[in-house]
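Please treat every number below as a calculation from the coordinates, not as lab data. The shown structure was predicted, so the numbers you read here are calculated from the model rather than taken from an experiment. Note that we place each Cβ from the backbone using ideal geometry, even for glycine, and neighbour counts take in every protein chain shown.
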Amino acid sequence: MPVIDLPLEELRIYTGRNPCPVDFNSYWNAALSELDATDPAPQLQPSYTLRSPVVECFDLWFFGVGGGRIHAKYLRPKGAEKESRHFPAVLQFHGYSGNAGDWASKVSYAASGFCVAAMDCRGQGGLSEDIGIVRGNTHAGHIIRGLGDPDPRKLLFRQIFLDTAQLARVVMSLPEVDAGRIGAMGASQGGALTLACAALEPRIRRIAPVFPFLSDYQRVWEMDLAKNAYGELQTYFRLFDPLHEREREIFTKLGYIDLQHHAQRIQAEVLMFTGLADTICPPSTQFAVFNKITTKKEMKIYPDFGHEPLPGQEDLTMNFLLGL
């Protein structure tokens, strides 16, 4: 078995390295109050890109905090709006820099009686808007976007985390959806946003994050894995703190958007997937989140796999979510 991190017995009790801001809870309570005051003004526009005999496809638009207009692909069983029953729904979140993906990749859930909403992250590869104005670096990475601004509310991932909760609220409000049967799923950044969504919207019932990103930044740094998806951490220090005089301050500020600190807010049942050879999102950073989740939970561990497709993961996830 590849060993790139702590032994498994230590991973099972690891609780993270990155500091948590002392005002973490008040920060996120205020963020949710801002979301409460934001009218999503949702709009559904029929899409004819995919011509399926069993599902209907829509472009779903809504507003997030700060006025950003957010896009998601929305699918539902054909004729769902005419049914007397309500349908469960699954929210899908994509990997870093990507987009919601093809319509066809979501048909299996919609054909199984689910409504499906796949969000484009603002400022990444889809149609959502990033209209934020921040002081400091905006080059090569969303983890550090807003990190140089004195106001920690300018962290871009704060807004993206809130977008996931707004998406959940919008989907729950749709007349064909059963608001008590909502799940979420995603891999890498999508896994992180799945966790964030469940932390910020406690009505989410089941989640299936796969090797989640955005956790335990200081651990990533100390493992010398601030490369690839986390490479912007090295960029930031090289450009703005080359002597590491503000290292504690920087990691503490990143603590606002560190998923391990959100874990105790999660009320959903959790099925997580982790590869022990993952050098992109190190296993210890994933266990830092998992070990702090207090609800019913299970982790599927792949000893020989890294940040890559995991055999059987999609089938296990679908069976898990079909239980909504």
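Worth pointing out:
- Degrees separating the helix 156-173 axis from the principal Cα axis of the chain, which is the longest one: 20
- A simple rule links phi to the HN-Hα coupling: the Karplus curve 6.51 cos²θ - 1.76 cosθ + 1.60 with θ = phi - 60°, which for region 24-36 gives 3, 5, 5, 4, 7, 5, 5, 4, 5, 5, 5, 5, 4 Hz, with x for Gly and Pro.
- Relative to the 2.2 N^0.38 Å rule of thumb, region 1-116 has a C-alpha radius of gyration ratio of 1.50.
- Greater than 29 Å apart at Cα, pairs in Lys154/Lys227; Lys227/Lys300; Lys154/Lys297: Lys154/Lys297
- Taken one residue at a time, the phi angles of region 244-254 give Karplus couplings (6.51, -1.76, 1.60, θ = phi - 60°) of 6, 6, 10, 4, 4, 4, 5, 5, 5, 5, 5 Hz. Gly and Pro are set to x.
- Extension gain from Glu222 to Gln264, taking 0.36 nm per residue of separation minus the Cα-Cα distance: 12.7 nm
- Calculated mean residue ellipticity, 222 nm, the chain: -8500 deg cm²/dmol, from DSSP H runs (n ≥ 4) at -39500 (n - 2.57) each, averaged per residue and rounded to 500.
- Cα Rg over Rh - the chain, Kirkwood: 0.96
- Size estimate for region 203-300 follows the Kirkwood approach: the inverse of mean 1/r over distinct Cα pairs works out to 14.3 Å.
- Dipole magnitude (debye, nearest 20) for region 8-321, charges at Cβ of Lys, Arg, Asp, Glu: 500
- Globularity ratio of region 116-252, using Cα Rg and 2.2 N^0.38 Å: 1.15
- Residues Asp5, Asp241, sorted so that the one with the fewest Cβ neighbours within 10 Å comes first: Asp241, Asp5
- In sequence order, calculated HN-Hα J values of region 113-124 (Karplus, 6.51, -1.76, 1.60; Hz; x Gly/Pro): x, 10, 8, 10, 10, 10, 8, 8, 5, 4, x, 10
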